[in-house]
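Engineer: Before anything else, here's the structure in question.
The values are calculated or read from the model by the stated rules, or taken from the named source; none is laboratory data. Keep in mind the model is a prediction, meaning the values are calculated, not measured. FYI the Cβ positions are ideal-geometry reconstructions off the backbone, even for glycines, and counts take in every protein chain you see.
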Amino acid sequence: MLISEVLMVALSAIRANKLRSALTMLGIVIGVAAVITMVALGSGAQKAVQDQIERLGTDLLSVYPGQSWMHGVASADRVSLTMDDAAALQRAGGVLTNIVPEMSGNRQVKLANSNINVSVVGTTPNYIKVNNYKVEAGRMFTAGDDDARRRVAVIGWGVPNQLNQNAYAMIGQTIQIGGIAFDVVGLLSEKGAGSGFDNPDERILIPLSTARYRVFGNDRLRSITVQVESSDSTNVAMLEIERALRTAHGIRPGQDNNFQIRNRAEFLATFEETTRTFTFLLAGIAAVSLLVGGIGIMNIMLVSVTERTKEIGVRKALGATRKSILMQFLVEAMTLCLLGGVIGILLGTGGAMALSKLANWNTLVSPAAVVLAMGFSAGVGLFFGIWPAQRAAKLDPIQALRYE
């Protein structure tokens, strides 16, 4: 029997029992749709992490205050990073290309009738270059502003919205930061929410000296961001930072560091690996419904063999071979699975798009996931269709003709 004839017979058998065929395909449809949607969610999350890595840069290290230790016991007080530490890193040179000290804290910010509490960051003019920010309007404050301790501010993209103001119209306006008047000289472009609780678009940047002497009243740094020559120089840079700060803090050989050095790229890579693991887990759970759907197809095909026993006997009596009977039932099972797979892909893709638009979730439908889902559907049809097909092919024609 030709493949085209086998396919026509299979489609005729499926059309003859439309409701039963639709219910049989339902497990495959749900399974494929679930797999596509779950993988799209995981891929979207991974893409978001990769974009975050690109925005942050893989050539950045962050230095934070740490614990002080006495005879192997951690002290309750944290050791502060100061401007002296930033100066020590500046002198270290080597593969350390840019040093960006930061002191920050939440302050009340007022404009007209709006009053908000946001993060105010005192830093140097190279902050935006190192952290991949762009100035959307106005300008970044200069080294001269910093030296003169001028009260100028550069606001993040999300701050005007919090203050119920037009973003571009805020350039030149005066805002109150902790009761002190600051002139807004610049607006940063949108960067997007970070991987933590701190949104980089909801910050206000002011000159470091202004923050030190007018706003915070101390020289304690929240962190020091260090840019290295390239991502390949990260390990060397960490050693140079450690050596410079241990010397600055007077830490003797054998004593633990009282500061922390973190590689942003490693942190985000860990987050990406966690996301990938959850993606596989969700896809595996969704794939269980494919297995259930395959069992359902096997059950229906066994029922179909029983119902069509006499038909099989007639075909064998007319010369149909075991191979042609086997092929007919295999094609029926695979057709059901592939049709269910196509419908499931359409539903899964639509579901991923709906989640992206309605829930603002990051989704990415991967062509590899679509191909895998279709291949899995075909494999399910082949695997669970073999037993019913073999059972049909092995029927004795005489016994089959006598079957009532």
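Residues are listed down the side, and each one gets a yes or a no for (1) part of a strand (DSSP E or B); (2) touching a strand residue (DSSP E or B) at 6+ places or on another chain (Cβ under 6 Å); (3) at pLDDT 90 or above:
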| position | (1), (2), (3) |
| --- | --- |
| Gly194 | no, no, no |
| Ile204 | yes, yes, yes |
| Ala211 | no, yes, yes |
| Leu245 | no, yes, yes |
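Engineer: So for region 202-215 (the condition being without any contact (Cβ under 8 Å) to a residue 60 or more places away in the chain and out of contact with any Asp or Glu (no Cβ under 9 Å at 6 or more places or on another chain)), does at least one residue qualify?
Structural biologist: Taking every residue of region 202-215 in turn, none turns out to be without any contact (Cβ under 8 Å) to a residue 60 or more places away in the chain and out of contact with any Asp or Glu (no Cβ under 9 Å at 6 or more places or on another chain).
Engineer: With the condition kept exactly as written, say whether any residue in region 319-338 is in contact with a helix residue (DSSP H, G or I) (Cβ under 9 Å, 6 or more places away or on another chain), closer than 30 Å to Lys47 by Cα, surrounded by 14 or more Cβ atoms within 10 Å (Cβ to Cβ) and of a type in the set (Phe, Trp, Tyr).
Structural biologist: No.
Engineer: Could I ask something else about it? If you take the residues of region 245-256 that are closer than 15 Å to Tyr64 by Cα and crowded, with 16+ Cβ neighbours inside 10 Å, which of them is nearest to the chain's Cα centre (by Cα)?
Structural biologist: So the residue we want is Leu245.
Engineer: Take the residues in region 219-243 that are of a type in the set (Val, Ile, Thr) and under 28 Å from the mean Cα position of the chain (by Cα); name whichever of them is modelled with the lowest pLDDT. Reasoning before the result, please.
Structural biologist: Going through region 219-243, the residues of a type in the set (Val, Ile, Thr) turn out to be 224-226, 228, 234, 236, 241.
Applying the additional criterion that residues be under 28 Å from the mean Cα position of the chain (by Cα) yields 224-226, 228, 234.
Numbers: Ile224: 93, Thr225: 91, Val226: 91, Val228: 87, Thr234: 82.
Per the stated criteria, the residue is Thr234.
Engineer: What tally of residues in region 213-229 results from selecting those that are out of contact with any Ser or Thr (no Cβ under 9 Å at 6 or more places or on another chain) and either of a type in the set (S, T, N, Q) or assigned to a loop (DSSP other than H, G, I, E, B) (or both)?
Structural biologist: Qualifying residue count, region 213-229: 1.
Engineer: Same structure again: Within region 286-294, identify whether any single residue is crowded, with 20+ Cβ neighbours inside 10 Å, modelled with pLDDT of 75 or more and in contact with a Phe, Trp or Tyr (Cβ under 6 Å, 6 or more places away or on another chain), and answer yes or no.
Structural biologist: Among the residues of region 286-294, at least one is crowded, with 20+ Cβ neighbours inside 10 Å, modelled with pLDDT of 75 or more and in contact with a Phe, Trp or Tyr (Cβ under 6 Å, 6 or more places away or on another chain), which makes the answer yes.
Engineer: Of all residues in region 87-142, count the ones that are closer than 20 Å to Val63 by Cβ and free of Cβ contacts under 8 Å to residues at least 12 places away in the same chain.
Structural biologist: Counting residues in region 87-142 that are closer than 20 Å to Val63 by Cβ and free of Cβ contacts under 8 Å to residues at least 12 places away in the same chain gives 3.
Engineer: Go through region 129-157 residue by residue and tally those that are in a loop (DSSP other than H, G, I, E, B) and either over 33 Å from the mean Cα position of the chain (by Cα) or not assigned by TED's automatic domain parsing to the domain that holds Glu229 (or both).
Structural biologist: 6
Engineer: Considering only residues of region 195-244 that are farther than 30 Å from Ile177 by Cβ and touching a helix residue (DSSP H, G or I) at 6+ places or on another chain (Cβ under 6 Å), which is surrounded by the fewest Cβ atoms within 10 Å (Cβ to Cβ)? Spell out the reasoning first.
Structural biologist: Of region 195-244, the ones farther than 30 Å from Ile177 by Cβ are 228-244.
Within this subset, residues satisfying the condition of being touching a helix residue (DSSP H, G or I) at 6+ places or on another chain (Cβ under 6 Å) are 228, 240, 244.
On the way: Val228: 24, Glu240: 19, Ala244: 21.
Ranking the qualifying residues of region 195-244, first place goes to Glu240.
Engineer: Filter region 261-279 down to the residues that are modelled with pLDDT of 75 or more and surrounded by 13 or more Cβ atoms within 10 Å (Cβ to Cβ), then identify the one that is nearest to Leu81 (Cα to Cα).
Structural biologist: Ile261
Engineer: What about Gly94, is it at pLDDT below 90, outside any helix (DSSP H, G or I) and closer than 19 Å to Ile224 by Cβ?
Structural biologist: yes
Engineer: Hey, can you tell me all the residues within region 358-398 that are outside any helix (DSSP H, G or I) and either outside the structural domain of Gly344 (by TED's automatic domain parsing) or under 18 Å from the mean Cα position of the chain (by Cα) (or both)? Before the answer, list the steps.
Structural biologist: Narrowing region 358-398 to residues outside any helix (DSSP H, G or I): 359-366, 394-396.
Answer for region 358-398, where residues must be outside any helix (DSSP H, G or I) and either outside the structural domain of Gly344 (by TED's automatic domain parsing) or under 18 Å from the mean Cα position of the chain (by Cα) (or both): Ala359, Asn360, Trp361, Asn362, Thr363, Leu364, Val365, Ser366.
Engineer: Only one of (1) farther than 19 Å from Ser21 by Cα; (2) surrounded by fewer than 17 Cβ atoms within 10 Å (Cβ to Cβ) fails for Leu364. Which number is that?
Structural biologist: Every condition holds for Leu364 apart from (2).
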